[in-house]
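Data block below; observations after.
The values are calculated or read from the model by the stated rules, or taken from the named source; none is laboratory data. Note that the structure is predicted; figures quoted are calculated from it, not measured. Reconstructed Cβ throughout: ideal geometry from the backbone, glycine too, with neighbour counts over all protein chains shown. Side chains are part of the model used for accessible areas, which takes the heavy atoms of the whole protein and leaves out ligands, DNA and RNA. Shrake-Rupley method; radii C 1.70, N 1.55, O 1.52, S 1.80 Å.
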Amino acid sequence: MKVLKVVSNVALLMVLVFSLVACAAPATPAPAAAPAEKKEFTYNTMTMCYPQLGAESDWRTANTASFKETAGELGVRLIFSDAQQKQENQISAMRACIAQGVNIIALPPVVEDGWDAVLKEAKDAGIPVIIVDRSVKADKSLYAAHIGSNMVQEGEKAGNEMNKLLPDGGKIIELSGTTGSGAATGRAEGFRKTLNKNIEILDSQTGNFTRAEGKPVMEAFLKKYGADIKGAFIHNDDMAIGAIEAMKAAGLKPGDIKVVSVDGTRGGFQAMVDGWIQADVECNPLLGPQTMELALNILNGKPFEAETLTKEEVYYPDKAAELLPSRKY
Ligand code: AHR
């Protein structure tokens, strides 16, 4: 019994000594974790996803070429797809890019609404998104930056041109771009904001930014409103070219309907030379170089502009022939 007590006292003493030693000993610093090596991106190591919205217009063709050519010149790996003007295709393409672990996504959104979920998926995966060309209606925290045109301002410029072309007022029609797109919504808003009160918009229909759809819409307008139509605000040159075909078929002459168009493509310039378009508001599709530079700055944590708006002009028939050969799209 006595032996047992001695043993337990010794054990107690040892515990006490050990805990005292433990308290007194300075904490051994944990081996410092090696600082995570920060990966500096170059164009050659950057993979950019570009889920293009479609191939609906000459503007779009030039935009695609700008991205592909710039990527080729700089050595950027570009994952390109064509969504054929369908938002669901763009979303699927984005998800495929996220799954592949691309470094950055540049998204030209076909419409403004409905991007929150996929933008959040990209953000959660640590992939920054640059919105290109048209705008999105999504929380700004879900994407890094926007680069493109001020569509409202384009509409305002178009309104000013229509005011100059119809100083005594008159009735006009509007051939609008893709319903729900930032380009169509912004241009319509700016146009109405600026248009003189003596100019009445008889009707507005979408031609989805294509020649093929622009023509029948104009045919229907001509059938319905005939000679009442004094002016036409057409949201892009492709639809204007389709509409001009309808005007020619209806026996109209250049200038019978004053046309204000948008884009400033070679086709639009040719229509100005031929007298069918009276003013063309430029929308610049050559966004590849600026977008890739922006992407590199974002990826490398360098300062960058959250909003980059392209500088654009308005063109008129008087200079169209001279400028046409130097137009890049
Ligand atoms: O978003 C830009 C617009 O889209 C261009 O004006 C039009 O031509 C294109 O389809």
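Residues that are over 27 Å from the mean Cα position of the chain (by Cα) and either among the small types (Gly, Ala, Ser) or within 16 Å of ARG327 (Cα to Cα) (or both) within region 221-271 comprise GLY226, ALA227, GLY231, ALA246, ALA249, ALA250, GLY251, GLY255, listed in sequence order. Where strands (runs of 3 or more DSSP E) sit wholly within region 175-267, those with at least 3 residues that are modelled with pLDDT of 95 or more and within 10 Å of the ligand (Cβ to nearest atom) occupy 258-263.
Per this entry, LYS38 is not counted among residues that are assigned to a helix (DSSP H, G or I) and either more than 26 Å from ASN208 (Cβ to Cβ) or open to solvent by 60 Å² or more (accessible area, probe 1.4 Å) (or both). In the set (1) closer than 13 Å to PRO51 by Cα; (2) surrounded by fewer than 24 Cβ atoms within 10 Å (Cβ to Cβ), the condition left unmet by GLN90 is number (2).
When LYS171 is tested against (1) over 17 Å from the mean Cα position of the chain (by Cα); (2) touching a residue at least 40 places away in the same chain (Cβ under 8 Å); (3) open to solvent by less than 20 Å² (accessible area, probe 1.4 Å), just one condition goes unmet, and that condition is (3).
All of (1) open to solvent by 20 Å² or more (accessible area, probe 1.4 Å); (2) under 22 Å from ASN150 (Cβ atoms) hold for PHE191 with one exception: (1).
Considering region 103-115, the residues that are away from the ligand (no atom under 15 Å from the Cβ) and open to solvent by 10 Å² or more (accessible area, probe 1.4 Å) include one that is farthest from LEU286 (Cα to Cα), namely GLY114.
For every residue, the table says whether it meets (1) open to solvent by less than 60 Å² (accessible area, probe 1.4 Å); (2) touching an Asp or Glu at 6+ places or on another chain (Cβ under 7 Å).
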| site | (1), (2) |
| --- | --- |
| GLY214 | yes, yes |
| ILE241 | yes, no |
| ALA249 | no, no |
| GLY264 | yes, yes |
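Residues are listed down the side, and each one gets a yes or a no for (1) surrounded by 18 or more Cβ atoms within 10 Å (Cβ to Cβ); (2) touching a residue at least 40 places away in the same chain (Cβ under 8 Å); (3) of a type in the set (Ser, Thr, Tyr):
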{"position": "ALA279", "(1), (2), (3)": "yes, yes, no"}
{"position": "LEU287", "(1), (2), (3)": "yes, yes, no"}
{"position": "MET292", "(1), (2), (3)": "yes, yes, no"}
{"position": "LYS302", "(1), (2), (3)": "no, no, no"}
{"position": "GLU313", "(1), (2), (3)": "no, yes, no"}
{"position": "PRO317", "(1), (2), (3)": "yes, yes, no"}
{"position": "SER326", "(1), (2), (3)": "no, no, yes"}
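Could you tell me whether ALA158 is outside the structural domain of ASN297 (by TED's automatic domain parsing), closer than 26 Å to ASP58 by Cα and either open to solvent by 10 Å² or more (accessible area, probe 1.4 Å) or assigned to a strand (DSSP E or B) (or both)? So ALA158 does not fit the description; no.
Looking at GLN205, GLN153, which one is farther than 19 Å from ASP280 by Cα, under 23 Å from the mean Cα position of the chain (by Cα) and touching a residue at least 24 places away in the same chain (Cβ under 8 Å)? Testing whether each residue is farther than 19 Å from ASP280 by Cα, under 23 Å from the mean Cα position of the chain (by Cα) and touching a residue at least 24 places away in the same chain (Cβ under 8 Å) leaves just GLN205.
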